[in-house]
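See below for the structure under consideration.
Derivation of every value follows stated rules applied to the coordinates shown; laboratory data play no part. Bear in mind that the values here come from a model prediction, so they are computed numbers and not experimental data. Glycine also receives a Cβ, built like all others from the backbone with ideal geometry; neighbour counts cover every protein chain displayed.
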Amino acid sequence: MKKIPFLDLYSQYLSIKPSLERVIQKVIKNSGFVKGEYVSEFERNFAEYLGISHCVGVGNGTDALEISFQALGLPQGSEIIVPANSFAATAEAVVRAGCKPVFCDCDKSNYTLDLDHLEKKINSKTSAVVPVHLYGHPCDMGRLLKITQKRKIQVIEDAAQAHGAEYKGKKVGGFGRLGIFSFYPGKVLGAYGDGGAIVTDNKELARKCRMIANHGRVSKHDYRMIGRNSRLDGLQAGVLNVKLNHLEEWIKKRNKIAALYLSKLKNCEQVVLPRTEEWARNVYHLFVIRAKKRDDLKSFLKEKGIETGIHYPKSIPELKPYRRFVSKKEKFFTSKISKELLSLPMGEHLSEKEAGFVADSIKEFYSK
Ligand SMILES: *Cc1c(COP(=O)(O)O)cnc(C)c1O
């Protein structure tokens, strides 16, 4: 069997090549490089897809978080609760915004925020919570909002891995005051470079985010505050507009591959499979298992030509720059399982035959 890549963006490109080349030519011909009509068009389309009123394109997902914190005016030095299990950018943006990241453990089977632990972490200094819809699975937003609303804590959703994921039939991104997305190439909806977006139903907040991201101005020469430069560019927006038309079909394909992994591996005792809650639509940005003898399994699969990943080899509190924010005594479930996590190949590039071969190879490893 030929190699099975973890991700294959080139085969995705080939499947929609004519429309991508057309839009790239158009952007160049009209010099629509920064902001402009392609960006506005994508902002409208993406907001409509999500069912949220406003979308502001920005430079990347990390900027989207930082700009959101600034727009909400979160007090300097206040505490923002983030998952211990996430991409480091979630905590990085908190520190850059002048706040203190406080780490919350993850749920034992869907890996998003453990809400019992969240309640224990909230105190009078808490200004916000950033639920991450990790691996494409939504957080339990109903229960989370009940916890935060009675204490007047802001919610900023990090949906960087969850384009199209749903909680009780509603797309994520619109539950908090602000939601952020990343269009890093490997995400469920990815550009051909960096890109990001902030979404909200609040018109005033959308206006503020747009102003911050564009040098603090409201029009060409009308500056209102010290802002920054973080804009979505026209070529990326053009690519995203084309890809957005295929997003639903790609999410369905991801779910098909996931269903196949789940059924083929359900009796494999050495593997813990990810759980999708009954209220969730999972978009499987990643399909993450917990595996006994993980490193040996990873090498075995590699020899068979199967590429896998680890998300994440270390929890954020274990990373050097973030250790100073946690007490030495504190132990996270997340840190314990990071030695078992393994991400299987996932994406619309996979055939069912290939996914079946991945699952069979895992079973073969444990039967030896
Ligand atoms: C990718 C990602 C980000 C950052 O997005 P960039 O566009 O790479 O800056 C933030 N949070 C999570 C959970 C991510 O996966």
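Of all aspartates and glutamates in the structure, the ones whose alpha carbon falls short of 19 Å from that of K17, not counting any fewer than 8 places away in one chain, are D8, E248, E249, E348. Relative contact order for the range 1-123: what is it in percent, counting Cα pairs under 8 Å that are at least 6 residues apart? RCO, the range 1-123: 15 percent. Ranked by the mean number of other Cβ atoms within 10 Å of their residues, highest first, the peptides 195-203, 273-281, 321-329 come out as 195-203, 273-281, 321-329. Going down the table (K108/K146; K146/K170; K292/K329; K120/K171; K266/K336), which pairs top 25 Å between alpha carbons? In this structure, K292/K329; K120/K171 exceed 25 Å between Cα atoms. Packing, as the average of other Cβ atoms within 10 Å across residues, places the peptides 90-102, 112-124 in the order 90-102, 112-124, highest first. Near D194: Cβ cut-off under 12 Å, other residues only, Lys/Arg at +1 and Asp/Glu at -1. The net charge is 0. Amide H contacts for I306 (H built 1.01 Å from N in the peptide plane; partners 5 or more residues away or on another chain; cut-off under 5 Å): I4. Per-residue ellipticity at 222 nm from helix content only, as computed over the chain with -39500 (n - 2.57) for each DSSP H run of at least four residues, stands at -12000 deg cm²/dmol. Using only Cα positions of the range 164-285, each an equal point scatterer, no hydration layer, compute I(q)/I(0) via Debye at q = 0.09, 0.12, 0.18, 0.22 Å⁻¹ and quote the log10 values to two decimals. Values returned for q = 0.09, 0.12, 0.18, 0.22 Å⁻¹ are -0.38, -0.61, -1.08, -1.31. Of all DSSP beta bridges confined to the chain, the antiparallel ones make up roughly 60%. Within the listed set L286, L260, L341, the residue fluctuating most in the Gaussian network model of the chain (springs between alpha-carbon atoms under 10 angstrom) is L260.
Taking max minus min of the alpha-carbon positions on each principal axis, the range 274-363 gives extents of 47, 36, 21 Å, largest first.
Computed over the chain with a Gaussian network model linking Cα atoms closer than 10 Å, the most mobile of I28, I67, I306 is I28. Sorted from greatest to least, the principal axis extents spanned by the alpha carbons of the range 111-175 come out as 34, 19, 17 Å.
Within the chain, the proportion of Cα pairs with more than 34 Å between them is 27 percent.
When only Cα pairs below 8 angstrom with a gap of at least 6 residues are kept, the chain shows a relative contact order of 22 percent.
Mean sequence separation of contacting Cα pairs (under 8 Å, at least six apart), scaled by the length of the range 143-277, corresponds to a relative contact order of 15 percent. Ordered by the number of other Cβ atoms lying within 10 Å of each residue's own Cβ, fewest first, H163, H285, H349, H311 fall into the sequence H311, H349, H285, H163.
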